[in-house]
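One structure is given here, and the rest of the page talks about it.
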Amino acid sequence: MNQRVALVPASYVIFRRDNSVLLQLRQNTGYMDGHWATAAAGHVEAGESAEAAAIREAYEELGVRIAAEHLVPLTAMHRFKPQGSPLEQRVDFFFSADLWAGEPRIMEGDKAADLQWFSLNALPEVIVPHERYVLECLLTGMAPIVNIDMGTPVTP
């Protein structure tokens, strides 16, 4: 009998200004340190919706407030490892926002080394791979649900 999958959910907010996105440089997190990543992201907590997690993470990581009506759902991404443990099964909810209250700034200096705006046409070389996939799809279009085998390279 197959083991049940226990998905680990996370929410991501892609902050947009015209054709630019706000990215943070990860440090001291234990995961993809030295890579650029969406400016606000994190695990969905018990009893919390994906949308509420996105709003919370934007405030915790950037000090900005986003109204729920200003979050635009982009895609849900199921990341998995065939024959992987149940904890290697992830579901990521990506949202975009182009309206928020406050000026984004690094709130967790121990986890983020930098915060910068980048054109979607000139993204930095080193970005968390599954997040790069979503950022590149912003230019070409994106499926509402994406499945990513974490054992193979991620390309749009």
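Each value in this text was obtained by applying a stated rule to the coordinates, not by laboratory testing. Quick caveat: nothing in here was measured; it's all calculated off a predicted structure. For neighbour counting, all protein chains shown are included, and Cβ atoms are generated from backbone atoms with ideal geometry for every residue, glycine included.
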Q. Tally Lys/Arg at +1 and Asp/Glu at -1 over every other residue whose Cβ is under 12 Å from the Cβ of GLU51; what's the total?
A. -2
Q: Out of all DSSP beta bridges with both ends in the chain, state the antiparallel percent to the nearest 5.
A: 65
Q.
Sort 21-29, 107-115 by the packing proxy (mean of other Cβ within 10 Å over each peptide's residues), most packed first.
A. 21-29, 107-115
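Under the rule of -39500 (n - 2.57) per DSSP H run of 4 or more residues, summed and divided by the residues of the chain, what mean residue ellipticity at 222 nm is obtained, to the nearest 500 deg cm²/dmol?
On the way: 2 runs with 25 residues, N = 156.
Calculated from helices alone, the mean residue ellipticity at 222 nm is -5000 deg cm²/dmol.
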Q.
Using the basic label-point model (7 angstrom from Cα toward the beta carbon), what is the TRP117 to GLU51 distance in nanometres?
A. 2.8
Q. Quick one: Karplus J couplings for segment 137-146, per residue in order, coefficients 6.51, -1.76, 1.60, θ = phi - 60°, nearest Hz, x for Gly and Pro?
A. 6, 4, 8, 10, x, 9, 6, x, 9, 10
